[in-house]
Amino acid sequence: MCILFIAIEQHPKYPLIICANRDEFHQRPTQAMHVWQQSKILAGKDLQAGGTWLGLSSKGKFAALTNFRKFPLNEEAKKSRGGLVLQALASTENNLSEELAQQASQYHGFNLIHGSLNQLYCYDSVNNQCHELSKGVHSICNGALDDIWPKMARGEKLLSDTIHLQENLSIDALFDLMTNDKQALPNLLPETGLTEEWEQLLSAIFIVSPTYGTRTTSIITQDIEGSVEVYDRSYAPSGQCVAKQKFRL
């Protein structure tokens with residue numbers, strides 16, 4: 001997962017709105033979002049390492065992960081971070097953040113958003129900090145929670161505008177937000193250890209290139225009655241949508 005925008009108590013009918021893009025190399029084998037029969041979670045599956053980037057459990061838990069890029073980049077082989085999402089979804093402990101802190105050195109840097117849909121937290125392994133997500137609009141990308149990267153600021157504003165200008169929430173408008181491919185000006189690019197060419201490519205909310213790009217968009221809404229709907233779209237390397245799914249929990 002590369003970027004999430006989360007709106008908490010910003011819409012009169014939908015107290016929770018989550019918009020998430022997963023960016024990955026196109027050659028990495030993936031199974032689209034589905035119900036995992038053994039663990040009873042709704043998630044896509046990384047067929048290379050067996051984990052996932054975002055999921056919901058039958059008990060109302062949510063978890064999603066973003067990689068944390070920090071200079072200098074560490075190329076040492078470590079565990080796949082996708083297993084952390086499964087751990088969070090299966091956890092019944094209140095001290096998950098303590099467990100994550102103890103395990104963090106086994107993984108490259110990550111942000112893990114986890115909790116119930118009514119109370120979400122973000123654990124940052126690089127700074128070893130856990131924050132409860134407060135009322136408002138949040139962005140989580142490849143740095144710390146609510147960093148002011150251009151794509152994060154752009155997405156927060158677009159989400160706020162979409163919510164406040166529409167009495168009835170438009171799912172298509174949320175997908176339009178998440179497929180915004182505008183790149184940042186060169187002087188505004190973050191410095192995360194990548195080449196300027198890669199920083200430029202990754203500066204868009206929606207990334208399109210032959211080798212690496214946005215593979216899926218997931219939109220999750222919870223209404224005031226507690227009903228949850230999940231919309232998921234998959235993309236080809238060209239950026240064209242090749243599959244659409246909808247789930248109701």
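Odds and ends about this structure:
- Theoretical FRET efficiency, 1/(1+(r/R0)^6), r = Cβ-Cβ of residue 59 and residue 135, R0 30 Å, to 0.05: 0.80
- Top positive-direction residue, dipole computed over the chain with Cβ charges, set 170, 104, 86: 86
- Backbone N atoms of the stretch 34-76 closer than 15 Å to the 7 Å Cα→Cβ label point of residue 26 are not found in any residue.
- Shape analysis of the chain places it in the rounded category; the axes a ≥ b ≥ c from the Cα gyration tensor give an a/c below 1.5.
- The stretch 101-164 versus the stretch 7-63: alpha-carbon centroid distance in Å: 15 Å
- The calculated 222 nm mean residue ellipticity attributable to helices in the chain amounts to -5500 deg cm²/dmol, summing -39500 (n - 2.57) over DSSP H runs of n ≥ 4 and dividing by all residues.
- Looking at the stretch 104-213, the GluC sites (Glu not before Pro) that sit in a DSSP loop and have at most 15 other Cβ atoms within 10 Å of their own Cβ are 167, 191.
- Modelled spin labels at residue 167 and residue 9, positioned 7 Å past Cα toward Cβ, are 2.4 nm from each other.
- Overall form of the stretch 1-149 per C-alpha gyration tensor (a/c, 1.5; a/b vs b/c): rounded
Every read-out reported here was derived from the displayed coordinates using simple, explicitly stated rules and does not represent laboratory data. Fair warning: this is a prediction, and the values are worked out from it, not measured in the lab. Cβ sites come from the backbone with ideal geometry, for glycine too, and all protein chains shown count toward neighbours.
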